[in-house]
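Asks: Following this message is one structure expressed as structure tokens.
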Amino acid sequence: MSLLVLTLLQFYPTVQAQNTAVFTPTEKFSIPQLNGSISFAFNGTYTSAVLQNDTWIFTDLTFNNSLRLGNLNISVKDSDITIFSFYSDRVSTQFTRYGYLRYFADGAGVQTFNLNINTTDSTHSGEWGVINPGSVFLAEGREWQLLSDNTIIVYNRTGNITISHYGFGIGSDSSLPFYLQHSVGLITLAILVVTVAAASLIQFSLRRKPLHGSN
């Protein structure tokens, strides 16, 4: 998994040091009206973090002051979450419409995310996967919901949760070699395999040492 992440990261634009604010894992971004909070598992930076209409809007997120991961909108109700992994293709033209988020939820409330994927169109629920430990794909319409602006709402889940948009249905240039025409599709398939493998690894770890608040 680390190799794939490093491969993806080489396409990310680097973040300039100026005009950034620093956060640490001890910092909580609270939403008092909804009894929710957000924290990150790593040190990082952003160019802005604004609470607007009970939603935190993070711009130009980075982890460990390295590479820009993208913009992320989060709202949580009756839940405290910790973000472990995030990527939005809004900052890169190499992987169109790909988005990824992994977090831990303490409290079975409602978690709402917009990964700001690189599209102005509404996506289809079949392009998304929401996974609990054990490689269990949660049911759309019951355990999670996709809104027309590509916002994902996750209901009544605790523990480790992974959200992915796989970027299906992207056109290709027929004049290019096969591997270039289908590079996004091949990367998408690799990411899907890694996502399932990571969920399985999380479940194995949970069986060995249960996490507080997980299902």
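Asks: Going by what's in this entry, would residue 97 be described as among the basic types (Lys, Arg), part of a strand (DSSP E or B) and modelled with pLDDT under 95? Break it down stepwise before answering.
Replies: On the way: among the basic types (Lys, Arg): yes; part of a strand (DSSP E or B): no; modelled with pLDDT under 95: yes.
Criteria not met by residue 97.
Asks: Now for a separate question. List pairs: first in region 26-41 and touching a residue at least 12 places away in the same chain (Cβ under 8 Å) and within 12 Å of residue 111 (Cα to Cα), second of a type in the set (Lys, Arg) and surrounded by 15 or more Cβ atoms within 10 Å (Cβ to Cβ), Cβ under 6 Å, 6+ apart or cross-chain?
Replies: Within 6 Å, the pairs are 34/77; 36/77.
Asks: If I ask for residues that are crowded, with 19+ Cβ neighbours inside 10 Å and at pLDDT below 95, which ones from region 74-89 would you list?
Replies: Residues satisfying the conditions are 86, 87, 88, 89.
Asks: Keeping to region 54-66, report how many residues are surrounded by fewer than 18 Cβ atoms within 10 Å (Cβ to Cβ), in contact (Cβ under 8 Å) with a residue 40 or more places away in the chain and over 12 Å from residue 114 (Cα atoms).
Replies: Residues that pass the stated criteria total 2.
The values are calculated or read from the model by the stated rules, or taken from the named source; none is laboratory data. All figures in this text were calculated on a predicted structure; none of them were measured in a lab. So basically every Cβ, Gly included, is an ideal-geometry build from the backbone, and we count neighbours across all protein chains shown.
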